[in-house]
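Structure, as structure tokens:
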Amino acid sequence: MKKLIIHSLFIFSFFSLLAQTKAPLIFKWQDRFVTKNIHKYIKHDTLIQTSAANIHVCFNKDSLKPYLLLLHGMGANARTNWSNQLESLSKHFNLILPDLIYFGESTSDSKNYSVDFQVEQIREAILKIGITQQLNVMGFSYGGLTAAMYNQLHHNEVIKLIIIDGPVKFYSAQLADSLAQVVGVNFIKNLIVPSTITEFDGMKKAVMSRGFPATKRLKRKLLTYFFLPTKQIRDQQMTYLFEHQATYQNYDYHLDITPTLLIWGEKDGAIPVSVGQKLHQAFPNTTQLIIYPKAKHDAHFREYKKLNKAVIAFLK
């Protein structure tokens, strides 16, 4: 039962942000668990002040290992999103795990919701902690788009790129809302950050390949303490992305010159596998595509052992 609870919390927490007050004990315990987990494998944990943000970042600096920047998905902090990758990948790489701005412990007063802003502030933080070497970059979901944008803006600093279930180039508001409607939710915003039990159930159907037992009472707690505290800012982020979708669709993200691994859950109901397939078709000479048939929008949880091996093989 303990393992089931932990796994269930991990699954939905990449779409959630731990509320800072009044959270039930089990949610606080879950965050303490992943915090302790990251400190097993990552030595440094600091807050870096950049020109327009405060970036919380955990990292290692072993001179014998290459660097791998990990960019998490919408709603999570880094330590929760990448909990299943830490042990395996830290053996081979210096991991850099920032909380994206407006997530976890990274903050900004700028109200800038562009992906470009995320990239520039994170890059500035990395340089401030003295990492000037080229990086491998891996991102999941919203972090996958951020990883692609990092390559768009600074491809000379990127060795290889990995995108996991990312809304890159071939994704639109129309496609996103149509996917939400398949599971009974009107708009993707309400799927990503649900505010009702119906929307919560739709989110589960779309993104989780393994369900977990949840009473209405538990669902209300999840809505109250995980989703609703972040709904306003998540809505603003998604609104920005869709208002500027033509810009993000027009970028090639230098995928024609950067070796790129694309990883997708075949049953992903939030960012469909067709996005990954179209990316591979557009850049066949520089991309590889791995599809996990049983996974939805949770491949790095559902198939973490296979995914970790694939990432190591690709980067090594």
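Numbers for the structure displayed
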| item | result |
| --- | --- |
| Considering only the chain, percent of DSSP beta bridges that pair antiparallel, nearest 5 | 30 |
| Angstrom value of the Kirkwood radius, inverse mean 1/r, which spans all Cα pairs in the range 141-219 | 14.4 |
| Charge dipole (the chain, unit charges on Cβ, about Cα centre) - positive-most of 190, 200, 310 | 200 |
| Note, ³J(HN,Hα) from phi for the range 222-229, Karplus 6.51, -1.76, 1.60, rounded to Hz, x at Gly and Pro | 4, 4, 6, 9, 10, 8, 4, x |
| Relative exposure of 82, 29, judged by other C-beta atoms within 10 Å (fewest first) | 29, 82 |
| Lys, Arg +1 and Asp, Glu -1 on Cβ, resulting dipole of the chain about Cα centre, debye, nearest 20 | 1540 |
| Projected area averaged over orientations for the range 200-316, convex hull of C-alpha atoms, nm² | 9.0 |
| Surrounding net charge for residue 252, when Lys and Arg each add one and Asp and Glu each subtract one, Cβ distance under 14 Å | +1 |
| Residues whose placed amide H lies under 5 Å from that of residue 135, excluding near-sequence neighbours | 158, 159 |
| Rel. contact order, % - alpha carbon contacts under 8 angstrom, at least six apart, the range 2-315 | 18 |
| Number of Lys pairs (Cα under 21 Å; 8 or more positions apart or on different chains) in the range 202-280 | 14 |
| Cα convex hull of the chain - mean projected area over all directions, nm² | 14.5 |
| Hz values of 3J(HN,Hα) by residue in the range 262-274 - Karplus curve (6.51, -1.76, 1.60), Gly and Pro given as x | 9, 10, 9, x, 4, 9, 4, x, 10, 10, x, 4, 4 |
| Label point distance in nm, residue 159-residue 63, each placed 7 Å from Cα along Cα→Cβ | 1.7 |
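Any read-out appearing in this document is the output of simple, stated calculations on the displayed coordinates, not a laboratory observation. None of the values given here were measured: they were computed from a predicted structure. Neighbour counts run over all protein chains shown; Cβ positions are idealised from the backbone, glycine included.
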